[in-house]
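Colleague: Once you've had a glance at the structure underneath, I'll fire off some questions.
The values are calculated or read from the model by the stated rules, or taken from the named source; none is laboratory data. Note that this is a predicted model, so its numbers are computed, not measured. When we count neighbours, we look across all protein chains shown, and the Cβ atoms used for this are built from the backbone with ideal geometry, even at glycine.
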Amino acid sequence: MKLYLTLITSLTFTTVLFSASTQCDGFYYSNEAPDIVNAKLFPKTKELCYSGFAIMHSGVSRTPLWSAEHLTREGLQHKSKRTNDFHPEEQLPPDERAELEDYARSGYDRGHLAPAADMGNKQAQHECFTLANMVPQVSENNRGIWSAIEGSTRHLTNQKGSLYVITGPIFSGSQVKRIGGRVLVPTKLYKAIYDPSSGEGAAYLVTNAAGNNYEVISIAELEKQSGIKFFPKMSTSAKEKTMTLPEPQGYKGNSYQNRSNQDIIDMIEKILKRMF
């Protein structure tokens, strides 16, 4: 189904500023969440705090507006096995959250904002499979270039030692699709990165479509496209510059198949554990 101009108009940028205070300690630079500049993004928002990340959820799109993580070299040394334990978020009202049936037979992946591979323990691994951390994502995008971007972000964290990362969707264009008649499908996805040691930042930006194309843009440019102000303590001049981000590594033409095979292996292992 498609959501036509009435909702797109409601997502149009305005000059009204909503300051998004946070109760989720440790995931935002200077402990300050982004500011929502587009007033139409603000209704039915709810902050959700987890052990490994934070979410600002929208009951309008029934997706997160963003996830926030503080990635560290030390934290990434702790690995936790992927669970694939997708589940609806019970902290949200039923009419504001996505359900498993919304994604069933939709043709879209349940795409993580805070990736499973970033999670360092069983609790965080389970929590990251909440649908409050998911957006409908084109499979080839999710398992290809986007997976490579996630890996490059971890690689950069290991180089720098500490990064603040905010990941989210952008809904733009004359019409936006939805699945299950309820959950909006992003047109673009971004991963904004801030390096506290240098005061620099930049963002990866991809279209939610098949293919390997991506951009690296300034935080200032991302703010224009998203209607959200990131890293409030970051200077205006720093936001206008674009920190060098690594080229996404590890994506090859067969990576989609490799990821699919791994999903099958994980599923079989999970079934066997239940049987024995």
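Colleague: Is there a residue in region 261-275 that is outside any loop (DSSP other than H, G, I, E, B), at pLDDT 95 or above and farther than 24 Å from residue 61 by Cα? If you could, list the steps in order and put the result at the bottom.
Modeller: Narrowing region 261-275 to residues outside any loop (DSSP other than H, G, I, E, B): 261-275.
Narrowing the set further to residues that are at pLDDT 95 or above leaves none.
No - not one qualifying residue is present in region 261-275.
Colleague: With the requirement that a residue be over 17 Å from the mean Cα position of the chain (by Cα) and surrounded by 15 or more Cβ atoms within 10 Å (Cβ to Cβ), what does region 30-59 give you?
Modeller: The answer is 32, 37, 38, 39, 40, 42, 44.
Colleague: Could you list, in sequence order, all residues of region 170-189 that are over 27 Å from residue 32 (Cβ atoms) and either in contact (Cβ under 8 Å) with a residue 40 or more places away in the chain or assigned to a strand (DSSP E or B) (or both)? Write out each step before concluding.
Modeller: Pass one, region 170-189, residues over 27 Å from residue 32 (Cβ atoms): 173-183, 185, 187.
Scanning region 170-189 gives 173, 174, 175, 176, 177, 178, 179, 180, 181, 182, 183, 185.
Colleague: If you don't mind, another one. Look through region 94-108, keep the residues that are within 15 Å of residue 130 (Cβ to Cβ) and touching a strand residue (DSSP E or B) at 6+ places or on another chain (Cβ under 9 Å), and return whichever of them is surrounded by the fewest Cβ atoms within 10 Å (Cβ to Cβ). If you could, list the steps in order and put the result at the bottom.
Modeller: So in region 94-108, the residues within 15 Å of residue 130 (Cβ to Cβ) come out as 94, 96-100, 102-103.
Then keep just the ones that are touching a strand residue (DSSP E or B) at 6+ places or on another chain (Cβ under 9 Å); that gives 96-100, 102-103.
Working: 96: 18, 97: 22, 98: 27, 99: 16, 100: 12, 102: 21, 103: 20.
Only one residue fits best here, namely 100.
Colleague: Condition test on residue 167, is it of a type in the set (S, T, N, Q), out of contact with any helix residue (DSSP H, G or I) (no Cβ under 6 Å at 6 or more places or on another chain) and assigned to a strand (DSSP E or B)?
Modeller: Working: of a type in the set (S, T, N, Q): yes; out of contact with any helix residue (DSSP H, G or I) (no Cβ under 6 Å at 6 or more places or on another chain): yes; assigned to a strand (DSSP E or B): yes.
So residue 167 passes the test.
Colleague: For region 2-22, indicate whether the set of residues that are part of a loop (DSSP other than H, G, I, E, B) and at pLDDT 95 or above is non-empty. Quick ask: steps written out before the conclusion?
Modeller: Going residue by residue through region 2-22, those that are part of a loop (DSSP other than H, G, I, E, B) are 4, 11-17, 20-22.
Still in the list and also at pLDDT 95 or above: none.
For region 2-22, residues part of a loop (DSSP other than H, G, I, E, B) and at pLDDT 95 or above: absent.
Colleague: Here's another thing I want to ask about it. Working only within region 87-131, note down all residues that are farther than 16 Å from residue 50 by Cβ and in a helix (DSSP H, G or I). Outline the logic, then answer.
Modeller: Here is the first cut: in region 87-131, the residues farther than 16 Å from residue 50 by Cβ are 93-96, 98-111.
The answer is 94, 95, 96, 100, 101, 102, 103.
Colleague: Among (1) surrounded by 17 or more Cβ atoms within 10 Å (Cβ to Cβ); (2) under 24 Å from residue 245 (Cα atoms); (3) in contact (Cβ under 8 Å) with a residue 40 or more places away in the chain, where does residue 192 come up short?
Modeller: (3)
Colleague: Return the pairs, sorted by first residue and then second, in which the second residue is crowded, with 23+ Cβ neighbours inside 10 Å and modelled with pLDDT under 95, the first residue lies in region 142-163 and is closer than 15 Å to residue 193 by Cα, the beta carbons are less than 7 Å apart, and the residues are 6+ apart or on different chains.
Modeller: Sorted first by the residue in region 142-163, then by its partner, the list stays empty.
Colleague: Moving on to the next point. So residue 106 ticks every box in (1) closer than 20 Å to residue 180 by Cβ; (2) touching a Leu at 6+ places or on another chain (Cβ under 8 Å) but one. Which box is left unticked?
Modeller: It fails just one condition, (2).
Colleague: Okay, next question. If residue 157 passes every condition in (1) modelled with pLDDT of 95 or more; (2) among the hydroxyl-bearing types (Ser, Thr, Tyr); (3) surrounded by fewer than 20 Cβ atoms within 10 Å (Cβ to Cβ); (4) farther than 17 Å from residue 218 by Cβ but one, which one does it miss?
Modeller: Failing condition for residue 157: (3).
Colleague: Right, here's the next one. Mind counting the residues in region 208-239 that are among the β-branched types (Val, Ile, Thr) and without any contact (Cβ under 8 Å) to a residue 24 or more places away in the chain? Reasoning before the result, please.
Modeller: In the first step, residues of region 208-239 are kept if they are among the β-branched types (Val, Ile, Thr); the result is 216-217, 219, 228, 236.
Then keep just the ones that are without any contact (Cβ under 8 Å) to a residue 24 or more places away in the chain; that gives 236.
Here the count works out to 1.
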